[in-house]
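Read through the structure below, which is laid out as C-alpha cells, and then see the notes.
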Amino acid sequence: MPHRILVLYGSYRIDRMGIRLADYIVTGLKGRGDDVELIDAKAVGLPMLDRMYKEYPPGEAPAAMDALAEKIKAADAFVFVVGEYNWGYQPGLKNLTDHFLEEWFWRPAAIASYSAGRIAGARSNLLWHGTLSEMGMVVISSTLTVGPIGDALDTGGKPTGEGGKALMESFPRFADDLAWWTAAAKAQRHVKKPPY
C-alpha cells in the first residue's frame, strides 16, 4: 500500500528556485510508488498566524485552513523543503506550519534544504529539525542539502552539474529512511493508540 506523503514548500518569492527541489522530491517519491502531494504555502495562502486551527470553533476556520488540516491528518509522513533566509526560516512555510499542532503528531518528517549559496540551507535545516520535533513529528536522520540551487537543478527540476549528481546519489537513502520510519509509525499507530 502506498504511503500518503505531503511535500511542504514555503517560498513566496517571484523567482523562487526551491520549487525545483520540491518538484524533484515529489517526482522521486511518486516514482517509488508513494501517493504524494505538494503543499505550496503561497498557493494555500493562510493569513499571518492569529489563531491556530484548533482555536476556531468547529466549522469556523477559514476554508483553506480546514482543507489543509484534513490533508495533514490523513498523511503518513511529511517532507519539508526549506530555504534559508539570513541564517533562518522562510516565513511563509513557518507560518503555515504554526497554524497546526496535534494534526502533525505521530508521523515522521524529513527535511530537504537549499540555498543560493554553497551552504545549501544547512542552518535552516538545523532550525527546522528542532521545530518539527517540538511539534510532535519524528524527524528522520537522513537529510538533503542542495546548493547552489540554481546550479543543481534546472527550471524543470532536473539535476545538473555536480550538485545535481550529489542530489541523485543521496536521494535514494533519504527516501529509504523516510519509507522505513513511515511504515514503522503507521504500524505502531495500528498496534497501540498514541498516548495523547
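Laboratory data are not the source of any read-out in this text; all were calculated from the coordinates shown. Computed from a prediction, not measured in an experiment: that's the story for all the values here. Backbone-built Cβ (ideal geometry, glycine too); neighbour counts: all protein chains shown.
In debye, nearest 20, what is the charge dipole magnitude of the stretch 4-191 about its Cα centre with +1 on Lys and Arg Cβ and -1 on Asp and Glu Cβ, if you could check? Spell out each step's value before the answer.
Details: 20 positive and 23 negative charges, 54 e Å.
I would put it at about 260 debye.
Which order do K192, K71, K94 fall in if you start with the one that has the fewest other Cβ atoms within 10 Å?
Working: K192 8, K71 14, K94 18.
Result, fewest neighbours first: K192, K71, K94.
For the residues F80, F100, what sequence is obtained by ranking on other C-beta atoms within 10 Å, fewest first? Don't skip to the answer; put the middle values down first.
On the way: F80 26, F100 20.
Lowest to highest Cβ neighbour count: F100, F80.
So between E55 and K158, what do we pick up on full extension, going 0.36 nm a residue minus the alpha carbon distance?
Numbers: separation 103, 0.36 × 103 = 37.08 nm, distance 4.15 nm.
So the extension gain works out to 32.9 nm.
Rank-order 109-117, 34-42, 19-27, 151-159 by packing density, defined as the average count of other C-beta atoms within 10 Å over each peptide's residues, highest first. If you can, show how the numbers build up before the last one.
On the way: 109-117: 23.7, 34-42: 18.3, 19-27: 21.6, 151-159: 15.8.
Ranking, from highest mean packing down: 109-117, 19-27, 34-42, 151-159.
By what distance, in whole Å, do the Cα atoms of the stretch 4-191 stretch along each of the three principal axes, largest value first?
That gives 51, 40, 26 Å along the principal axes, largest extent first.
Can you give the calculated 222 nm mean residue ellipticity of the chain, where each DSSP H run of n ≥ 4 adds -39,500 (n - 2.57) and the sum is split over every residue, rounded to the nearest 500 deg cm²/dmol? Working shown, then result.
Working: 7 runs with 86 residues, N = 196.
After summing the helix terms and dividing by the residues of the chain, the value is -13500 deg cm²/dmol.
In whole angstrom, how far apart do the alpha carbon centroids of the stretch 41-57 and the stretch 106-180 sit?
Cα centres, the stretch 41-57 to the stretch 106-180: 26 Å.
Could you list H190, H129 in order of exposure, starting from the residue whose Cβ has the fewest other Cβ atoms within 10 Å? List each step's numbers first, then the result.
Numbers: H190 8, H129 18.
Listed from fewest to most nearby Cβ atoms, that is H190, H129.
Average the reciprocal distances over every distinct pair of alpha-carbons in the stretch 116-156, invert the result, and give the Kirkwood radius in Å.
Numbers: mean 1/r = 0.0873 Å⁻¹.
It is 11.5 Å.
So if each residue of separation counts as 0.36 nm, and I subtract the Cα-Cα distance between S141 and M48, what length gain in nm does that give? Write down the numbers at each step before the final one.
Numbers: separation 93, 0.36 × 93 = 33.48 nm, distance 3.05 nm.
Stretched out fully, the S141 to M48 stretch lengthens by 30.4 nm.
What percentages make up the Cα-Cα pair-distance distribution of the stretch 114-196 when the bins are 10 Å wide from 0?
Reading upward from the zero bin: 16, 37, 30, 13, 4.
In a shell of Cβ-Cβ distance under 11 Å around V82, excluding V82 itself, what net charge do Lys and Arg (+1) and Asp and Glu (-1) give? Kindly include the intermediate steps, with their values, before the conclusion.
Details: positive: K94, R123; negative: E84.
With Lys, Arg at +1 and Asp, Glu at -1, the net is +1.
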